[in-house]
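Before any comments, here is the structure.
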Amino acid sequence: MGRRYDTVSLLTDYGLVDEFAGVVKAVIRDIAPHVQTIDLTHQIAPFDVRAGSLALARCISYIPSGVIVAVVDPGVGTERASIVLQTKSGHYFVGPDNGTWTLVAEELGVAAVRRIDEKVNRRAGSEKSYTFHGRDIYAFVGARLASGKITYEQVGPLLEPKIVSLPYERASVAGGVLKGTIPQIDFHYGNVWTNIPDGFFHELKPAYGDKFTVVIFHDGKEAYRGVIPYVRTF
């Protein structure tokens, strides 16, 4: 028996119109009735692995150590690996090795990677299903880990401690100039989110009310230039 966890956190691109997210939660509940599922989101744009990686990075500091099942899987049914990533923080990330773990792995550190042995760790009767691994493999494995019915070592063979990573431009600061990318627009509230850490910004020793020139480029061309004040809120 392995260690038990109280929660399984879920992130998918399944949406809420169909039954898919509910079925995943039902599989978890059937295996691990003591577990509380946390819906981080099911509204990632279909197959947008980068958006899934960003969403995980934004919320990981709030997720208790334990099991996270994340399924944004344009390669479902192909030869891409199904893994459980163990981070140095004590989190277990269950899902496809397709770049979803890029940012959380960098933040939390990779402790170990195991490939899911689907001959052992797969929902009974699902062998002919190729397009719903979130239900048949990832929810199943995540629930069994959380319930202690399997240990991490029983997930499958140990792999090299590395994962598929998405390329991206890292932020930098030099000579009073900050550079970074805009990985996502918060359309709900109209925010523009960059990947520039606040530590970089505070190297400039800003005070509230100070104004900064902001320049945004798109496809190598200047798309926006403006002077923006540093304030506490909107």
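The values are calculated or read from the model by the stated rules, or taken from the named source; none is laboratory data. Being a predicted model, the structure only gives us computed values, none of them experimental. Neighbour counts run over all protein chains shown; Cβ positions are idealised from the backbone, glycine included. With ligands, DNA and RNA removed, areas are computed over all heavy atoms of the protein, side chains included. Shrake-Rupley method; radii C 1.70, N 1.55, O 1.52, S 1.80 Å.
The C-beta contact set for region 198-214 (first residue closer than 13 Å to residue 174 by Cα, second residue among the hydroxyl-bearing types (Ser, Thr, Tyr), distance under 9 angstrom, 6+ apart or interchain) comprises 200/172; 201/230. For region 129-173, the candidate set comprises residues that are over 14 Å from residue 97 (Cβ atoms) and touching an Asp or Glu at 6+ places or on another chain (Cβ under 6 Å); within that set, the residue that is surrounded by the fewest Cβ atoms within 10 Å (Cβ to Cβ) is 129.
Those residues that are closer than 22 Å to residue 50 by Cβ and surrounded by 10 or more Cβ atoms within 10 Å (Cβ to Cβ), I need them from region 189-222; list them, please. Of everything in region 189-222, those that are closer than 22 Å to residue 50 by Cβ and surrounded by 10 or more Cβ atoms within 10 Å (Cβ to Cβ) turn out to be 191, 192, 193, 194, 195, 196, 197, 200, 216, 217.
Just to be sure, is residue 159 modelled with pLDDT of 95 or more, of a type outside the set (D, E, K, R) and touching a strand residue (DSSP E or B) at 6+ places or on another chain (Cβ under 9 Å)? Yes; evaluated as a whole, the condition is true for this residue. Quickly run through region 87-135 and pick out the residues that are over 17 Å from the mean Cα position of the chain (by Cα), closer than 24 Å to residue 4 by Cα and free of Cβ contacts under 8 Å to residues at least 40 places away in the same chain. Scanning region 87-135 gives 118, 119, 120, 121, 122, 124. Of 4, 58, all but one fail to be farther than 21 Å from residue 140 by Cα, modelled with pLDDT under 95 and open to solvent by 50 Å² or more (accessible area, probe 1.4 Å); the exception is 58.
Restricting region 174-188 to residues that are without any contact (Cβ under 8 Å) to a residue 24 or more places away in the chain and more than 23 Å from residue 98 (Cα to Cα), the residue that is most open to solvent (accessible area, probe 1.4 Å) is 187.
Would you mind stating whether residue 80 is within 13 Å of the chain's Cα centre (by Cα), surrounded by fewer than 20 Cβ atoms within 10 Å (Cβ to Cβ) and either aliphatic (A, V, I, L, M) or modelled with pLDDT under 95 (or both)? Here the answer is no, as residue 80 does not meet what is asked.
Name every residue in region 119-128 that is crowded, with 17+ Cβ neighbours inside 10 Å and either modelled with pLDDT under 95 or among the basic types (Lys, Arg) (or both), in order of residue number. Within region 119-128, 122, 123 qualify.
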